[in-house]
Every structure is written in C-alpha cells, then in structure tokens.
Amino acid sequence: MGALPFRFPKNDRGWNRLSHSFLKLTVVNSARWMYNPRIFGQKHMPTTGPCFIFANHSNNFDPFVLNVKMPKEPTAGVMTRDQFYKPLPALFMDSIGIVPTSKYVPDPSVIRSVIKLLQQQRMIVIFPEGGRRWSGRPKPPIESTMKLFYKMKVPAHPVQIHGSYVGWPRWATYPRRSRQNIHFLTPLHPEEFTDYQSFYDACVEALDFEEERPAPETIPFWAHKPAVGIDMLLYRCPTSGRTGAIQPTEDGWGVQSVTDDSFRARMTLASQLRFEGSDPEEPAEILSPWLDKIRKLPMFENAHGVLEQDPEAVIYSITPTFEQIKLGVGHVWLERERIRFEVGSVKRVLPLEEILAISIEQRRSLSITLANETWQIELHQGYALQWKDYIQRLQKKEPPIRES
C-alpha cells in the first residue's frame, strides 16, 4: 500500500474507535441494507478474540456482512493487496487491523502481523480460498492459510454465508438486493484434532455447501441487468469455442451466443440460465458446468505462437510494500512458454515456469508474482479468467493447437 500520509491512532487492541464508528455507519450499514442478514447459530458467534473466523467468499460485501451483528468491536483480517492501492481505503482498513497480503504466496510479514493481532485478542477474518469464487463452487483452500489456523491453536469459527454468490456474483457488473442467511457453526479447536489433516478436512467440510442452488429465501428480489458481465465468466462459446461470443442482450436479462443460435437463455434472479424452449417446471441451469465445458476446449495459437494478446493493457509494477506504480498503456502477449509485454521503453519477458502465483484482482486485472518481482496487468481486450486458465494449463504442459 506504500506509505500512508498518516495513520489513525489505535488503542491497545489495535483499532481506532472513531474509524470503527464511521465504517459501521457507512460500509457496514450499506451491507445491512443490501442483504438484511439473519444470524443462525448465534451461540457460536464470537464477540472477541483471539480467534479466526473463516467463511465462503463470493461477494465484495462478505467482510462487512460478517460485522453487521458484531456488538462490540470490529473484526480484523487479511485482505488482498489490490484493496490497498488507494490511500483512503487503505487508511481506514489499516485503522481497524486489516493486513494486506498476496494471494497464494506465503508472506512471513503477514504471519507476524497475524500473531500480533492474536496477542491483541482480535477476531481475525480470513477467507481461506484466497479470492472470491467465480461460480459459487467451492475452491480448495490455500494450504499455508490452513496450516496457520492449525499452528496458532486458537478457535477457528466456520461461517456459511448463504446468499453470498447470488447477492453479487464475481462476474456480474451489478449487485442484487437479497437476504442472506449467516450460519455460525461449531468452532473448531485445533488441539482437539489428532493431526493437521483431520483438522484440514473438517475446515473444508464446514464450507462445502451448494451456493449455485440457493435457499429460496436468499434468492435476490431485485436485480438490475443481471446478465451484464456474463462474458467475464463464460469467456468462450461452449459450442463454437469462439472467445467473446457469449454476450448479454440489450435489456441486460438475456444471454446469447453470436455464433450459436441455440444458445439463448434468460438470466434468473438466482444467476441461473433458463434456456429458450426449456420446460419451465424443470430447474434452470447453473453456470459452473458451462464453465467446465469451456475449460476443456482446446487452446489455439496463431502462426506467431501467440495465444492471447492485448495492445491496450495497463501495466503496473508492484513494490514489496504494496505500492502500485503505473508504467502506462502497453502491449502484452501470452505465448506457449512466456508472457511478454512492452510499455514505453520497458520490455519484459516472464517465463511461465518462473511464475509462483497468478491471481485475478477485481475482474480484469492479472497479478503475476515471480521470485523477485510482481506485475499487474489490467486487460482492456480479452478476459482475465481466460488468461489465468490458459496460463495454468500451459504450466501443466498442455500444448496449444497451431491455427492454420
């Protein structure tokens, strides 16, 4: 996040009361208005620490929804660094004990910060899957996060946020208004497990529930153009394979393929597809199987060995202190064994085998971490999820097909 112009003074618990009051009045109340959460298992809801709170994560409002019913103090937490690039949000997050981190890359400084928060008797919210789910389907948790839970030997409180995904899918441009059910489950005590693997399995099981077929009471009751953004998820037509072929209709409710007339559907309030001609008595189709089909389509490279490119990408360098330095608009290419980009006089080649982690920030930016450098590429043409999927497939040595 770089150097803040100033920091709010904190009490001995590591948070600022004035800042906390302001955030409750603004952001937390906005989450209350959007999702009117109901709490289940309130006897398991912690009100102070030291402890961890971990939950499924599909919605930007998830951290604030968890604080709606907290009576006394704010939760601390670990949040991805892209939220810290702007000074004002970084200032307020720092004031309540939010620590910036890199997804999927263990960071000793983050562990030290977490230990300090636990010593301050804080409740620490961590989403162990690392980032928001794209389709509501559970993702494997980050191993280093699970080991941190286990080694700290404090209670880990699992929470199921029912309605997180349908309230604002990651791919969607606009949020929906709905009601969320927040289930606080029985806390897990690491010392009560015989070994790490049994603790890990219990944590995974706690968050393994169906988000794509939500409980009726959590289905949104209002949405503005709910299909807008669907191409961020379904980045290729599942039948023709063409990139960018799946698009919302003009009214923002329909989904269609420009290459396959049979792919025509309406987006339901539950973020499911109701295809034309389908039986209205049958359930609408969830999105994850369509994404699975897309991910099995072959990759293609052109005669120059390029799979994807964007001549209008914005390139940033990320410093070790999370400062985002904009280099400018440049050209980026994805090739079989490397990513390369040119912006002004800067030319860089990033071998795929040297990439330690790749994540998507917001919906359009790729964060690429190597041993001694981190880059962020904001795409203006193409899809960040497609680039990430392709890079991971190429890292597994899956060969692309050369176009004739």
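The values are calculated or read from the model by the stated rules, or taken from the named source; none is laboratory data. Note that this is a predicted model, so its numbers are computed, not measured. Cβ placement follows ideal geometry from the backbone for every residue including glycine, while neighbour counts extend to all protein chains displayed.
Computed quantities for the displayed model
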{"read-out": "Among (1) closer than 17 Å to residue 170 by Cβ; (2) of a type outside the set (D, E, K, R); (3) modelled with pLDDT of 95 or more; (4) outside any helix (DSSP H, G or I), the one test that residue 377 misses", "value": "(1)"}
{"read-out": "Filtered residue count, the stretch 50-69, keeping only those that are modelled with pLDDT of 95 or more, farther than 21 Å from residue 136 by Cα and of a type outside the set (A, V, I, L, M, F, W, C)", "value": "2"}
{"read-out": "Options 287, 370, 291, 273; residue that is more than 27 Å from residue 250 (Cα to Cα) and of a type in the set (A, V, I, L, M, F, W, C)", "value": "370"}
{"read-out": "Test: residue in the stretch 274-294 that is touching a Leu at 6+ places or on another chain (Cβ under 7 Å), free of Cβ contacts under 8 Å to residues at least 60 places away in the same chain, among the aliphatic types (A, V, I, L, M) and under 27 Å from residue 161 (Cβ atoms)", "value": "yes"}
{"read-out": "Filtered residue count, the stretch 275-289, keeping only those that are surrounded by 13 or more Cβ atoms within 10 Å (Cβ to Cβ) and farther than 12 Å from residue 137 by Cβ", "value": "4"}
{"read-out": "Failed item in (1) at pLDDT 95 or above; (2) surrounded by fewer than 15 Cβ atoms within 10 Å (Cβ to Cβ); (3) of a type in the set (Ser, Thr, Tyr), with residue 75 passing the rest", "value": "(2)"}
{"read-out": "Check on residue 137, buried (at least 20 other Cβ atoms within 10 Å of the Cβ) and of a type in the set (Lys, Arg)", "value": "no"}
{"read-out": "Of all residues in the stretch 380-404 being of a type in the set (Asp, Glu) and either buried (at least 20 other Cβ atoms within 10 Å of the Cβ) or not in a helix (DSSP H, G or I) (or both), the one that is modelled with the highest pLDDT", "value": "398"}
{"read-out": "Near pairs, Cβ below 7 angstrom, 6+ apart or cross-chain, from the stretch 186-204 (in the same structural domain as residue 42 (by TED's automatic domain parsing) and charged (D, E, K, R)) to any residue that is part of a helix (DSSP H, G or I) and surrounded by 13 or more Cβ atoms within 10 Å (Cβ to Cβ)", "value": "none"}
{"read-out": "Selection from the stretch 262-302 of residues that are closer than 17 Å to residue 240 by Cβ and either among the small types (Gly, Ala, Ser) or at pLDDT below 95 (or both)", "value": "262, 265"}
{"read-out": "Residue 311 being surrounded by fewer than 18 Cβ atoms within 10 Å (Cβ to Cβ), modelled with pLDDT of 95 or more and within 21 Å of residue 138 (Cα to Cα)", "value": "no"}
{"read-out": "Residues located in the stretch 78-102, provided they are closer than 13 Å to residue 321 by Cα, at pLDDT 85 or above and either out of contact with any strand residue (DSSP E or B) (no Cβ under 8 Å at 6 or more places or on another chain) or assigned to a helix (DSSP H, G or I) (or both)", "value": "90"}
{"read-out": "Test: residue 249 is modelled with pLDDT under 95 and surrounded by fewer than 18 Cβ atoms within 10 Å (Cβ to Cβ)", "value": "no"}
{"read-out": "Failed condition for residue 24, given (1) touching a helix residue (DSSP H, G or I) at 6+ places or on another chain (Cβ under 9 Å); (2) more than 26 Å from residue 154 (Cα to Cα); (3) assigned to a helix (DSSP H, G or I)", "value": "(1)"}
{"read-out": "Count - residues of the stretch 103-155 that are aliphatic (A, V, I, L, M), in contact with a helix residue (DSSP H, G or I) (Cβ under 8 Å, 6 or more places away or on another chain), part of a loop (DSSP other than H, G, I, E, B) and under 29 Å from residue 218 (Cα atoms)", "value": "0"}
{"read-out": "Residue 11 being outside the structural domain of residue 325 (by TED's automatic domain parsing) and on the phi > 0 side of the Ramachandran plot", "value": "no"}
{"read-out": "Selection status of residue 270, crowded, with 17+ Cβ neighbours inside 10 Å, part of a loop (DSSP other than H, G, I, E, B) and touching a Ser or Thr at 6+ places or on another chain (Cβ under 8 Å)", "value": "no"}
{"read-out": "Considering residues of the stretch 350-374 that are of a type in the set (S, T, N, Q) and in a strand (DSSP E or B) only, the residue surrounded by the most Cβ atoms within 10 Å (Cβ to Cβ)", "value": "367"}
{"read-out": "Qualifying residue in the stretch 208-224 (condition: part of a helix (DSSP H, G or I), in contact (Cβ under 8 Å) with a residue 12 or more places away in the chain and among the charged types (D, E, K, R))", "value": "yes"}
